[in-house]
Amino acid sequence: HKGSDAPDAQTTYEGITYKFTNADVVAMFLEAPELFLPQYGGYCAYAVSKGKLVTVDPDVYVVLDEKLFLFSNAEARTAFENEEPGIVQVADVSWAEMESERAQRKGCFSCF
């Protein structure tokens, strides 16, 4: 969900700027960022399950088991939801492989 442009409604965490609706949500984020961070580095969860990296539309998401999953579009979200249960485990394995390959290439996702 798109956040406010007000300076007190955004924060930078690990080099990435996150925008929230208000300063109270920023404070909650800073107390426990792992509860707010999107899965798979913010890439489309459905695409990751297929071994691909695709940018997302921040307004297209789903929360499962207190985890935020982002998607490139509504069709990807629907496909992801239709393959649950099970797709999260597939995406987790795929993401771990991508992260391993990225580490071997010294952090370059654009090398895929």
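The values are calculated or read from the model by the stated rules, or taken from the named source; none is laboratory data. Remember, predicted model here, so these are calculated numbers, not experimental data. Please note: Cβ atoms are built from the backbone with ideal geometry, for glycine as well, and neighbour counts cover all protein chains shown. These area figures cover heavy atoms from the full protein model, side chains too; ligands, DNA and RNA do not enter into them. Shrake-Rupley method; radii C 1.70, N 1.55, O 1.52, S 1.80 Å.
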*asked:* I'm checking my understanding of the structure. Among residues of region 57-67 that are touching a Leu at 6+ places or on another chain (Cβ under 7 Å) and open to solvent by 60 Å² or more (accessible area, probe 1.4 Å), which one is nearest to residue 89 (Cα to Cα)?
replied: 66
*Report, ordered by the first and then the second residue, all pairs with beta carbons closer than 8 Å, sequence separation of six or more or different chains, a first member in region 63-82 that is over 13 Å from residue 44 (Cβ atoms), and a second member that is surrounded by fewer than 15 Cβ atoms within 10 Å (Cβ to Cβ) and not basic (Lys, Arg).*
64/84; 66/35
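State yes or no: is residue 59 at pLDDT below 95 and either in contact with a strand residue (DSSP E or B) (Cβ under 8 Å, 6 or more places away or on another chain) or among the acidic types (Asp, Glu) (or both)? Give the derivation first.
On the way: at pLDDT below 95: yes; either in contact with a strand residue (DSSP E or B) (Cβ under 8 Å, 6 or more places away or on another chain) or among the acidic types (Asp, Glu) (or both): yes.
Yes; evaluated as a whole, the condition is true for this residue.
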*Filter region 9-56 for residues that are open to solvent by 60 Å² or more (accessible area, probe 1.4 Å) and modelled with pLDDT under 90 and give the result.*
14, 15, 16, 17, 19, 21, 34, 35, 36
